[in-house]
Amino acid sequence: MAALVLSLHDTTKVCCISILTFFSVCIEAKRPHIVFMVADDYGWNDVGFHNPDMITPNIDKLASEGVILNQSYVQPVCSPSRNLFIYVCLQHLVIKHKQAACSPVGIPFLPEYLKKLGYATHIIGKWHLGFCKWECTPTYRGFDTFYGFYNGREDYYNRSVFGGHDFRDGEEPILPDRTKYSTYIYAERAREVISKHDKDKPFYLYFPFQSPHEPIEVPTAYEDQCNHIKNEGRRKYCGMVKALDDLVGDVTAALKDNGMYDDTLLIFTSDNGGSHLFHASNYPLRGAKVTVYEGGTRAVALISGAGLEKTGYTYDGMIHAVDWMPTILSAAGGKPETCIDGIDQWENLRRGCPSKRTEFIYNLDDSSLPITGHAAIRVGDYKLIEGYPGPYPDWYEPETENSDIYKREREHFQKNGEIETNEQASCYKRQLFNIKDDPYERHDISLTHTSLADALSKRLAEYHTQMVSANFPDDSEASDPQLHGGFWSPGWC
Ligand SMILES: *[C@@H]1O[C@H](CO)[C@@H](O)[C@H](O)[C@H]1NC(C)=O
Ligand SMILES: *[C@@H]1O[C@H](CO)[C@@H](O)[C@H](O)[C@H]1NC(C)=O
């Protein structure tokens, strides 16, 4: 029988008929290993390839060997983005720790599809897609293993938040060495799952990092590497970013050690923009986390490794968080459903062809809720923001000197949280920007381009009619960790 040369991305079943034997032999081609890394509250201006003050050699290397995605968009806060990464009603803020809500059960997540294709599926890090019942949690949603925490943030050492511990290995509550900074324990786990993996089987690791989300905590050894930054908060943040970059390096090293690296497709993205209140920076983009300006929504993103034909350049096509699920499934040789919002971009990304996406929704919130959120749409080069854009409308440069330039915003945040009231929200006028010519949103052209603004408003209204209501229940006291052995645990919805 003639030798079959199968390229890695050729994941379809190849059947060849041996002329000599008349036997039909079907060979399953090799599927790529896939590692999907998500940095938490990571700013546009916080990666080495955008800002030389930041030390990210491992991320930069993946970028230079792969493709930088320059127009890759996410939701302005994290649960909605995380939801989209693995499936597609979380448009309204994040899931709070006492809320009996989770990403709708009954709708399969990406790892469930990947398992059907033979993948081993692992998650390390932050879940934040709800945990009020077991059915909401990672090992019930397609992951073989889980090592990490359920809530949106926690202490980097004691693994606790809001008065409860929050850490699991699978379903088991654990508290790994509380003297160890979290990136170290995640690195150990990553090395373990990778080294134990049988490399002949396809491997999927979803790695939603804890870093560099607040609380701002970092070992001195990392902070010391950022001594070129005078401002203490920004220097610590820079150290956290360096720790995150080391984690990326640990993953690539472990893949190499286990002979898997050349067959691995790696994706790296932030989940939303950085928060200047906690020393991140999206400059020169406008705004920050929780705003629909570009600073809250345009992600640091790249794709690198197996299957890419064209590399070493910046891809300018539009990608949206919803696209990752069908794109990853397609890269894995699966057939994404076509009835979802996400677009399979694999062929375009792989070959450097134009994006299939020409428009997307930045956010579309439910005006029936007590807090009117943001609504914004992009069509081609144009972006329309309707209503409240979020609390941080400025251009926040990284802090350099040791002075507290964001004191006013920090005090406001401590007093009001991240949101304004409905009354204030209704005072905002619509804004229109040409993102191609004006990526930093400095020139609102809504008054000079009224018919264009009207057309985009109309399009946004069309989406509104199709919208599923947000599930945003009141807090439930049954969530209290003291009722569950001191840990944030399922069993209260
Ligand atoms: C964890 O550390 C934080 C400080 O970062 C502290 O406020 C909290 O009380 C600690 N929790 C536990 C359970 O030790
Ligand atoms: C990436 O986007 C920014 C902002 O729109 C733009 O200034 C820059 O030139 C783009 N980079 C490349 C390499 O296309």
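None of the figures in this text is laboratory data; all of them are computed from the coordinates on show. Just so you know, these numbers come straight off a predicted model, no measurement behind them. As a convention, Cβ positions derive from the backbone with ideal geometry for all residues, glycine included, and neighbour counts pool all protein chains shown.
Taken along its three principal axes, the alpha carbon spread of region 92-187 comes to 39, 30, 21 Å, from the longest extent down to the shortest. Give the relative contact order (percent, whole number) for region 91-150; include only Cα pairs under 8 Å separated by 6+ residues. Reported relative contact order: 37 percent. Extending 7 Å from the Cα toward the beta-carbon at both Gln466 and Glu401 defines two label points whose distance is 5.1 nm.
Projected onto planes of every orientation and averaged, the convex hull of the alpha-carbon atoms in the chain covers 24.2 nm². A simple packing score, the average count of other Cβ atoms within 10 Å per residue, orders the peptides 127-139, 309-321 as 127-139, 309-321, with the highest score first.
Set the bar at 25 Å for Cα to Cα. Now go through Lys383/Lys415; Lys199/Lys335; Lys133/Lys242; Lys356/Lys429 and name every pair that lies beyond it. Show your work: numbers first, answer last.
Values: Lys383/Lys415 31 Å; Lys199/Lys335 23 Å; Lys133/Lys242 36 Å; Lys356/Lys429 31 Å.
Long pairs (Cα-Cα over 25 Å): Lys383/Lys415; Lys133/Lys242; Lys356/Lys429.
Using helices alone, I'd like the mean residue ellipticity at 222 nm for the chain: each DSSP H run of four-plus residues gives -39500 (n - 2.57), total over residue count, nearest 500. Show your work: numbers first, answer last.
Details: 12 runs with 118 residues, N = 493.
Helices in the chain give a 222 nm mean residue ellipticity of -7000 deg cm²/dmol.
With all pairs of different C-alpha atoms in the average, the Kirkwood value for the hydrodynamic radius of region 137-244 is 15.3 Å.
Measuring how big region 183-234 is from its alpha-carbon positions, Rg and Dmax come out at 16.0, 49 Å.
The aspartates and glutamates within cross-link reach of Lys310, meaning a Cα-to-Cα straight distance under 19 Å and a gap of 8 or more places when in the same chain, are Asp10, Asp60, Glu65, Asp262, Asp263, Asp344, Glu347.
Any chance you could run the full-extension gain for Thr311 through Leu175? It's 0.36 nm times the residue separation minus the Cα-Cα distance, nm to one decimal. Present the calculation step by step, with values, prior to reporting the outcome.
Working: separation 136, 0.36 × 136 = 48.96 nm, distance 4.15 nm.
The span from Thr311 to Leu175 would gain 44.8 nm if fully extended.
Once backbone amide H atoms are built at 1.01 Å from N, Gly305 has Leu266 as its partners under 5 Å, excluding neighbours fewer than 5 places away on the same chain.
Contact order, relative form, for region 151-300: 17 percent (alpha carbon pairs under 8 Å, 6 or more residues apart, mean separation divided by residue count).
Hey, what does the equivalent ellipsoid look like for region 267-306, semi-axes from the Cα gyration tensor as sqrt of 5 times each eigenvalue, largest first, whole Å?
Semi-axes (√(5λ), whole Å): 21, 10, 8.
Restricting to DSSP loop positions (anything but H, G, I, E, B) with no more than 14 other Cβ atoms inside 10 Å of their own Cβ, which GluC sites (Glu not before Pro) remain in region 387-416?
Glu401
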